[in-house]
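Novice: Here you go, one structure.
The values are calculated or read from the model by the stated rules, or taken from the named source; none is laboratory data. This is a predicted model, so every value here is computed, not measured. Every residue, glycine among them, receives a Cβ derived from its backbone with ideal geometry; neighbour counts consider all protein chains shown.
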Amino acid sequence: MSTDSNKPAVQTTGHAWDGDLQEYNNPLPRWWVWTFYATVVFAVVYWILYPSWPVGKSFLGGVKEITFQTRDGKEVTTHWNMRARYLKDIQSGEEAVKQREWLEKIANSSFEEILSDPDKLAFVRSAGKVMFADNCAACHGSGGQGKIGLFPNLVDDAWLWGGTLEDIHTTISKGRHGFMPAFPQFAENDKVDAIADYVLSLSGEQGGDSASIKKGEAIFQGEEGGCYYCHTRQATGMKSVGSANLTDKIWEIANVPGAATYEEKRAEVRKVILGGISRTMPTWKGRLPDETIKILTVYVHELGGGK
């Protein structure tokens, strides 16, 4: 076998194992070496500019600074950090500037102009989803379904206080207090069962005794119960006091849909009659900017199909 005598000998480290096992001493590629040097230089520059090494109970803050504004408008300058960068971006970043421009458009538009403009309506739907999640979802749920007995469902098109844009805007701005007095006096002589049977019959629930239903109607429509004062003679409710429509098969307080038997449904209605209702939605005017309330108004209006 021939060999090339002009080929340079391969360098080794000079170590040998088992007599003839040697380690090559090949140099690293030049590009790799320069890349390594560049990373070292980059690290040193980074340590100088940005927060880096811990020092006692603190750390090296770096020489790079960033300025942002607090909620009360005070200007703050601090060493560069991700939180300060985020605060600055949401105040003066490109997207923040665009958002402010759109918020100004919404603030200067009527409800009718928003609903008739596809671009404005698209912005309201997008921004409203975030605003609803931040301010409303804790009670009404992420999708606005609410919770029977506690918080109204906003997607079922049953509007206790009115479903027009103006009504919803008033509800969000000024808040609401839903109240129905308790009627513990009806616990005797099966009167509460009679009223419950009548109320269930109004929405088409089957199972109540006809005599009991008739007795409950007399109490409901008479001065003994006086239920018609708030729910009206037709039991369709009154927007002015936020009383429920008892004929639409939509249950906000008594969990009738979740009851398996007629007796369980009647027990749910009994609890409302004997215990009454008291629930409050807070006032948001002054807590939220006017344009945010306007966006939430349109967003909630869209959730329930509007009126």
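Novice: Could you say which residue among LYS265, LYS271, LYS249 is within 35 Å of the chain's Cα centre (by Cα) and surrounded by 20 or more Cβ atoms within 10 Å (Cβ to Cβ)? Quick ask: steps written out before the conclusion?
Specialist: Details: LYS271 fails: surrounded by 20 or more Cβ atoms within 10 Å (Cβ to Cβ); LYS249 fails: surrounded by 20 or more Cβ atoms within 10 Å (Cβ to Cβ).
Selected residue: LYS265, the only one of LYS265, LYS271, LYS249 that is within 35 Å of the chain's Cα centre (by Cα) and surrounded by 20 or more Cβ atoms within 10 Å (Cβ to Cβ).
Novice: Do you know which of the residues in the stretch 108-142 that are hydroxyl-bearing (Ser, Thr, Tyr) and assigned to a helix (DSSP H, G or I) is surrounded by the most Cβ atoms within 10 Å (Cβ to Cβ)?
Specialist: Let us first name the residues in the stretch 108-142 that are hydroxyl-bearing (Ser, Thr, Tyr), namely 109-110, 116, 126, 142.
With assigned to a helix (DSSP H, G or I) added as a condition, the list becomes 116, 126.
Numbers: SER116: 11, SER126: 13.
For the stretch 108-142, the residue satisfying everything is SER126.
Residue-by-condition table, conditions (1) in the same structural domain as TYR299 (by TED's automatic domain parsing); (2) not in a helix (DSSP H, G or I):
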| residue | (1), (2) |
| --- | --- |
| GLY144 | yes, yes |
| VAL192 | no, no |
| GLU205 | no, yes |
| SER212 | no, no |
| PHE220 | no, no |
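Novice: Given the condition in contact with a strand residue (DSSP E or B) (Cβ under 7 Å, 6 or more places away or on another chain), under 29 Å from THR297 (Cβ atoms) and not charged (D, E, K, R), answer yes or no: does some residue in the stretch 225-239 qualify?
Specialist: Narrowing the stretch 225-239 to residues in contact with a strand residue (DSSP E or B) (Cβ under 7 Å, 6 or more places away or on another chain): none.
Looking through the stretch 225-239, none of the residues is in contact with a strand residue (DSSP E or B) (Cβ under 7 Å, 6 or more places away or on another chain), under 29 Å from THR297 (Cβ atoms) and not charged (D, E, K, R).
Novice: Which count do you get for residues in the stretch 149-169 that are of a type in the set (Asp, Glu) and in a loop (DSSP other than H, G, I, E, B)? First the steps, then the outcome.
Specialist: The first filter runs over the stretch 149-169 and keeps only residues of a type in the set (Asp, Glu), leaving 156-157, 166-167.
Checking which are in a loop (DSSP other than H, G, I, E, B) leaves us with 156-157.
Residues that pass the stated criteria total 2.
Novice: Next question. Could you tell me how many of the residues in the stretch 44-65 are under 42 Å from the mean Cα position of the chain (by Cα) and exposed (fewer than 11 other Cβ atoms within 10 Å of the Cβ)? Step through it out loud before you land on a result.
Specialist: Taking the stretch 44-65 and keeping what is under 42 Å from the mean Cα position of the chain (by Cα), we get 46-65.
Applying the additional criterion that residues be exposed (fewer than 11 other Cβ atoms within 10 Å of the Cβ) yields 53-58, 63.
Counting residues in the stretch 44-65 that are under 42 Å from the mean Cα position of the chain (by Cα) and exposed (fewer than 11 other Cβ atoms within 10 Å of the Cβ) gives 7.
Novice: Then there is this: For the stretch 66-95, what are the residues that are more than 31 Å from the chain's Cα centre (by Cα) and loosely packed, with under 12 Cβ neighbours inside 10 Å?
Specialist: THR77
Novice: Write out, first by first residue and then by second, each pair whose Cβ atoms fall under 8 Å of each other, whose residues are 6+ apart or on separate chains, and whose first residue, in the stretch 170-188, is part of a helix (DSSP H, G or I) while the second is aromatic (Phe, Trp, Tyr).
Specialist: Note: pairs meeting the criteria are THR170/TRP161; THR171/TRP161; ILE172/TRP284; SER173/TRP284.
Novice: Is it the case that ASN245 is farther than 30 Å from ARG125 by Cβ, assigned to a loop (DSSP other than H, G, I, E, B) and in contact (Cβ under 8 Å) with a residue 60 or more places away in the chain? Give the derivation first.
Specialist: Working: farther than 30 Å from ARG125 by Cβ: no; assigned to a loop (DSSP other than H, G, I, E, B): yes; in contact (Cβ under 8 Å) with a residue 60 or more places away in the chain: yes.
No; evaluated as a whole, the condition is false for this residue.
Novice: Pairs only if they're at least six apart or on different chains, beta carbon under 7 angstrom, first in the stretch 122-134 and without any contact (Cβ under 8 Å) to a residue 40 or more places away in the chain and farther than 14 Å from PRO289 by Cα, second surrounded by fewer than 19 Cβ atoms within 10 Å (Cβ to Cβ) and of a type in the set (Gly, Ala, Ser); list them, first residue then second.
Specialist: ALA133/SER142
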